[in-house]
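Below is one structure, written out as C-alpha cells; the observations come after it.
The numbers here are math on the coordinates, done by the rules we state, and not lab data. Remember, it's a predicted structure, so these values are computed and weren't measured experimentally. Ideal geometry is used to build each Cβ from the backbone, glycine not excepted, and the neighbour counts take in all protein chains shown.
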Amino acid sequence: RVHGGFPNLTSFSGGVPVFFSYPRMYLANATYANKIIGMDSGLQNEAFLDIEPITGATMNAHKMLQINIYVAPHLKFATYNPRFNGSDVFYPLFWVDETSTIPPGLA
C-alpha cells in the first residue's frame, strides 16, 4: 500500500514501519515533506537509463532511493521537534545514490 507517496516496505522489514521515496521526498505528499527541515520536494531525483538503441545495452544509469520510518502521532515525537505538532511523519533515515556509466573504451 502506498501512503502519501511512500510505498510501504513494512511487510519486508519484520513489522517495522519502513517506507521508501525519492530523496528529499520528491513526488511525495508535500504535507509530509514540509514537516522535515531540508526536504525540498521540488528537486528532481528521478531515475534514468540511457539505452543504446541497436544493442539494447545500458550506457548510463542513475537511481536514488530514500528510506523513511513512519512515526505515528501517538508517539509524541513533537516533544523533540515542534514542527511535527502531534501529527504523523515520515522521518528520513538515509538515501542511496547509485550511478553506472559504461567506460568509453567499451562503448
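For every other residue with a beta carbon closer than 15 angstrom to the beta carbon of Gln66, add +1 if it is Lys or Arg and -1 if Asp or Glu, then tell me the sum. So the surrounding residues net to -1.
Here r is the Cβ-Cβ distance between Asp40 and Ser11 and R0 is 22 Å; the resulting FRET efficiency, rounded to 0.05, is 0.15. Straightening the chain between His62 and Ser100 buys 13.0 nm, computed as 0.36 nm per residue apart minus the Cα-Cα spacing. Summary of packing: across the peptides 62-70, 48-56, 9-17, 21-29, the per-residue average of other C-beta atoms within 10 Å ranks them, highest first, as 21-29, 62-70, 9-17, 48-56. The Cβ shell under 15 Å around Thr101 holds other residues with a net charge of -3, Lys and Arg each +1, Asp and Glu each -1.
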